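**Student:** Okay, handing you the structure first.
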């Protein structure tokens, strides 16, 4: 039955016709909620911890990586930022003393990012409030069954694996 529904949905609009009201509500709703949540959570992160939500994501990814180190290119792949965007963000975090950039010993071409003691402390403080914020602003609005269904929708769309926390 799901395959039939997917085929019917894919056939809709094949000739460039506008989205149906239900389709438009679903698509625009997802975009609006995502934009609002990111904006609100970024403001909260900046106010409470002095870093952007993207900065927190970098600290979290590096903090969870083996040896608390990651290549800049790996950070770019794990986030929605380009290599140059990640490099600029890492430079700002380094200026704030939260990370250091190290030359990659394996090939000498790339750079590796490592957390400093200050970065570990900021991550520890920010993680608790960020996770509470995720729960308050998003997760608490759904029951377990709804969360399970939603997780299935994201997997269907290709959002596999653990994402940023």
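The values are calculated or read from the model by the stated rules, or taken from the named source; none is laboratory data. Note that the coordinates shown come from a computational prediction; the quantities given were computed from them, not determined experimentally. All Cβ positions, even for glycine, are placed from backbone atoms using ideal geometry, and neighbour counts span all protein chains on display.
**Student:** Does residue 97 satisfy being surrounded by 11 or more Cβ atoms within 10 Å (Cβ to Cβ), at pLDDT 95 or above and more than 15 Å from the chain's Cα centre (by Cα)?
**Tutor:** Details: surrounded by 11 or more Cβ atoms within 10 Å (Cβ to Cβ): yes; at pLDDT 95 or above: yes; more than 15 Å from the chain's Cα centre (by Cα): yes.
Yes, satisfied.
**Student:** Any idea which residue in the stretch 103-117 is modelled with the highest pLDDT, counting only those that are exposed (fewer than 13 other Cβ atoms within 10 Å of the Cβ) and on the phi < 0 side of the Ramachandran plot?
**Tutor:** Within the stretch 103-117, the subset exposed (fewer than 13 other Cβ atoms within 10 Å of the Cβ) is 103, 105-109, 117.
Then keep just the ones that are on the phi < 0 side of the Ramachandran plot; that gives 103, 105-107, 109, 117.
Numbers: 103: 84, 105: 73, 106: 71, 107: 67, 109: 72, 117: 96.
Looking at the filtered set, the residue picked out is 117.
**Student:** Hey, another quick one. So which residues in the stretch 42-59 are surrounded by fewer than 23 Cβ atoms within 10 Å (Cβ to Cβ) and part of a loop (DSSP other than H, G, I, E, B), if there are any at all?
**Tutor:** Once the filter is applied, which keeps residues that are surrounded by fewer than 23 Cβ atoms within 10 Å (Cβ to Cβ) and part of a loop (DSSP other than H, G, I, E, B), the stretch 42-59 yields 50, 52.
**Student:** Also, I was wondering about something else. Among the residues of the stretch 142-159, is any under 26 Å from residue 46 (Cα atoms) and in a helix (DSSP H, G or I)?
**Tutor:** Residues of the stretch 142-159 that are under 26 Å from residue 46 (Cα atoms), as a first pass: none.
Taking every residue of the stretch 142-159 in turn, none turns out to be under 26 Å from residue 46 (Cα atoms) and in a helix (DSSP H, G or I).
**Student:** Within the stretch 109-122, how many residues turn out to be outside any loop (DSSP other than H, G, I, E, B) and closer than 12 Å to residue 68 by Cα?
**Tutor:** So in the stretch 109-122, the residues outside any loop (DSSP other than H, G, I, E, B) come out as 111-115, 117-122.
Pick out the ones that are also closer than 12 Å to residue 68 by Cα and you get 112-115, 117, 119-120.
Count: 7.
**Student:** With respect to residue 106, determine if the residue is part of a helix (DSSP H, G or I), farther than 21 Å from residue 49 by Cβ and out of contact with any helix residue (DSSP H, G or I) (no Cβ under 9 Å at 6 or more places or on another chain). So that I can check it myself, show each step before the final result.
**Tutor:** On the way: part of a helix (DSSP H, G or I): no; farther than 21 Å from residue 49 by Cβ: yes; out of contact with any helix residue (DSSP H, G or I) (no Cβ under 9 Å at 6 or more places or on another chain): yes.
Judged against the criteria, residue 106 is not a match.
**Student:** Quick one: would you say residue 89 is touching a strand residue (DSSP E or B) at 6+ places or on another chain (Cβ under 7 Å), surrounded by 16 or more Cβ atoms within 10 Å (Cβ to Cβ) and not in a loop (DSSP other than H, G, I, E, B)? Break it down into steps so the answer makes sense when it comes.
**Tutor:** On the way: touching a strand residue (DSSP E or B) at 6+ places or on another chain (Cβ under 7 Å): no; surrounded by 16 or more Cβ atoms within 10 Å (Cβ to Cβ): yes; not in a loop (DSSP other than H, G, I, E, B): yes.
For residue 89, the condition - touching a strand residue (DSSP E or B) at 6+ places or on another chain (Cβ under 7 Å), surrounded by 16 or more Cβ atoms within 10 Å (Cβ to Cβ) and not in a loop (DSSP other than H, G, I, E, B) - is not met.
**Student:** Ok, one more. What about residue 33, is it assigned to a helix (DSSP H, G or I), under 19 Å from residue 132 (Cα atoms), in contact with a strand residue (DSSP E or B) (Cβ under 8 Å, 6 or more places away or on another chain) and modelled with pLDDT of 95 or more? Lay out the reasoning, then the answer.
**Tutor:** On the way: assigned to a helix (DSSP H, G or I): yes; under 19 Å from residue 132 (Cα atoms): yes; in contact with a strand residue (DSSP E or B) (Cβ under 8 Å, 6 or more places away or on another chain): no; modelled with pLDDT of 95 or more: yes.
Judged against the criteria, residue 33 is not a match.
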